[in-house]
Every structure is written in structure tokens, then in C-alpha cells.
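Down below is the structure, laid out as C-alpha cells.
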Amino acid sequence: MNWRATVLTLFPEMFPGPLGLSLAGRARERGDWSLQTHNLREYGLGRHRAVDDTPFGGGAGLVMRPDVVDAALSGVLGAGDVRPVIYLTPRGRRLTQADARRYAAGDGVVLLCGRYEGIDERVLEAHGVEQVSIGDYVLSGGEPAALVLLDSVVRLLPGVMGSERSGLEESFSDGLLEYPHFTKPADWQGRAVPEILLSGNHAAIAAWRRASAETDTRARRPDLWAAYASRTSNNALPGT
Ligand code: 6GU
């Protein structure tokens, strides 16, 4: 299995970045996944290889030209390449763990990173490009978001994640934040580890972890909590 990531960017030097290290880097060396970058500048127009122009309707900043982005996509996508093309933009739908799982189950992704104010909407429409955001804040370009998306996917590829069981228990797998973690020493600067975790009573520990996950999710992520509470409609849940 070789999962393929192709990145179109004006800053190919930003890749592989952190994905060249640790779990993702070793998995790439093993050939579990591959990363290919293309400089959008190579598809620019004229002597200056222009990739952008002023926005119709006025306003600040520059917009990436549809002809340039089209040439880049056509140049990179072979016939029969069924991978999704994803444009990283704060205008996109929010990336979720379910998206990461779906991308990991496919053959790979083609990531389009914009700078400037954005990319002409028509070329996105014409190529059926998915628009994806990593959260409600603004980055200066899509590259860090592309690294985030790839990290979330690559760790899910078969054989990449160190501990095979941990995927089932981690945050979001059941719609809750994960429970808190503790290790040695059992007493650190007068702060004790919750007693139950030292009891050896696995059922009681599981129940404590579930209750902690619910309490923390309710306090920190009312959006997740509302969805979880309505799904389970369990009257025993704390504070519903
Ligand atoms: Cl995907 N791109 C940019 N430029 N900013 C963002 C983002 C993406 N997601 C959140 N902020």
C-alpha cells in the first residue's frame, strides 16, 4: 500500500517539515506513504511567472488566477487519478477525525495551498475541489493547514501508529474528549494521582475515565457535549 500526497504550493520548502520526523518520517522512509510537492510558480504566466491578479469587485489583496491553478492541476493529475483535491482555506468546512479516517482509507490526497486572498472560485468548482479549514482562525497560507491535515491522516495509515489499540480510546473516537492521563510519581509536589487509578479495579477505572471524559467535554466543548448527549439521551449523564 502506498498512500500518495501531492501538494501544490508557492512554498515547497515548507514540506515535509515536521512530517519528515518521528512516526510520519519513518513511515515515509518505509514507503507507507509518499509526498510530492509542485511549485505553483512553475505554472505562472509571462516573464514574471505571475500566479495572481487583482480581485474583480475591488478590495484588498490578490487572487490566484484560475488558468494558472487549472494548468497546475491538469499537469499533476494523471488520467484515472481518483484522489480528492482539497483546497485548504478558512472558508472551508471544518476538518474532522471522520475526514481523516476517510482520507486514510483512500489512495491519497491532492492538496492545494493558496496564498494571497484566495483562489478564483471558478477553477475550484470546475475541478470539484473540496474546501477544508482546520479551525476558526486565520493563517497566512494553507501550508501549515496542509501539514496538519496530512499529520492527522498519516498516523492512521496501516502500521504507522506505534500503539495499535490507542486509536479506539483517543479523543473524538466516541464524540468525547479523552480522559486525563497520569504517570509516576504517584505523589508529585503534594499532588496525588486519583486514588482509583492505583486500585487495580479495571471496571472502576473505566467508569472513572468515562465520567471524567464526560465532565471535561461538557465544560470545554459544549458543541461536542450537545451532540453526544442527544445521541445517547442518557439521563444519568452529568448535568444534562
Ligand atoms: Cl485551511 N488556511 C488558512 N489560510 N487559514 C486557515 C485555515 C486554512 N484553516 C484555518 N485557518
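A few comments on the model shown:
- The conditions of being within 16 Å of the ligand (Cβ to nearest atom), polar (S, T, N, Q) and either within 19 Å of Ala145 (Cα to Cα) or at pLDDT below 95 (or both) are not met by Thr37.
- Of Gly61, Gly78, all but one fail to be under 24 Å from Gly44 (Cβ atoms) and either within 10 Å of the ligand (Cβ to nearest atom) or touching a Phe, Trp or Tyr at 6+ places or on another chain (Cβ under 9 Å) (or both); the exception is Gly61.
- Among residues of region 126-140, those that are loosely packed, with under 10 Cβ neighbours inside 10 Å and touching a strand residue (DSSP E or B) at 6+ places or on another chain (Cβ under 9 Å), counted: 4
- The residue of region 181-212 that is nearest to Ala229 (Cα to Cα), among those that are among the hydroxyl-bearing types (Ser, Thr, Tyr) and within 34 Å of the chain's Cα centre (by Cα), is Ser212.
- Meets criteria (at pLDDT 95 or above and in contact with a Phe, Trp or Tyr (Cβ under 9 Å, 6 or more places away or on another chain)) for Val51: yes
- Residues of region 83-105 that turn out to be surrounded by fewer than 15 Cβ atoms within 10 Å (Cβ to Cβ), among the aliphatic types (A, V, I, L, M) and within 11 Å of the chain's Cα centre (by Cα), as a count: 1
- Any hit, region 110-123, residues being in the same structural domain as Glu29 (by TED's automatic domain parsing), within 16 Å of the ligand (Cβ to nearest atom) and basic (Lys, Arg): yes
Residue-by-condition table, conditions (1) within 16 Å of the ligand (Cβ to nearest atom); (2) of a type outside the set (Ser, Thr, Tyr); (3) touching a His at 6+ places or on another chain (Cβ under 8 Å); (4) over 20 Å from Gln36 (Cβ atoms):
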site	(1), (2), (3), (4)
Val138	yes, yes, no, yes
Leu147	yes, yes, no, no
Asp151	yes, yes, no, no
Ala192	no, yes, no, yes
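One line per residue, one yes/no per condition, for (1) out of contact with any helix residue (DSSP H, G or I) (no Cβ under 7 Å at 6 or more places or on another chain); (2) farther than 30 Å from Pro158 by Cα:
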position	(1), (2)
Ala60	yes, yes
Pro66	no, yes
Val69	no, yes
Gly80	yes, no
Tyr87	no, no
Arg122	no, yes
Gly128	yes, no
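- Residue within region 137-157 that is without any contact (Cβ under 8 Å) to a residue 12 or more places away in the chain and among the hydroxyl-bearing types (Ser, Thr, Tyr) present: no
- For Pro158: the one exception among (1) within 13 Å of the ligand (Cβ to nearest atom); (2) not in a helix (DSSP H, G or I): (1)
The values are calculated or read from the model by the stated rules, or taken from the named source; none is laboratory data. Nothing here was measured: the structure is a model prediction, and the numbers come from that model. FYI the Cβ positions are ideal-geometry reconstructions off the backbone, even for glycines, and counts take in every protein chain you see.
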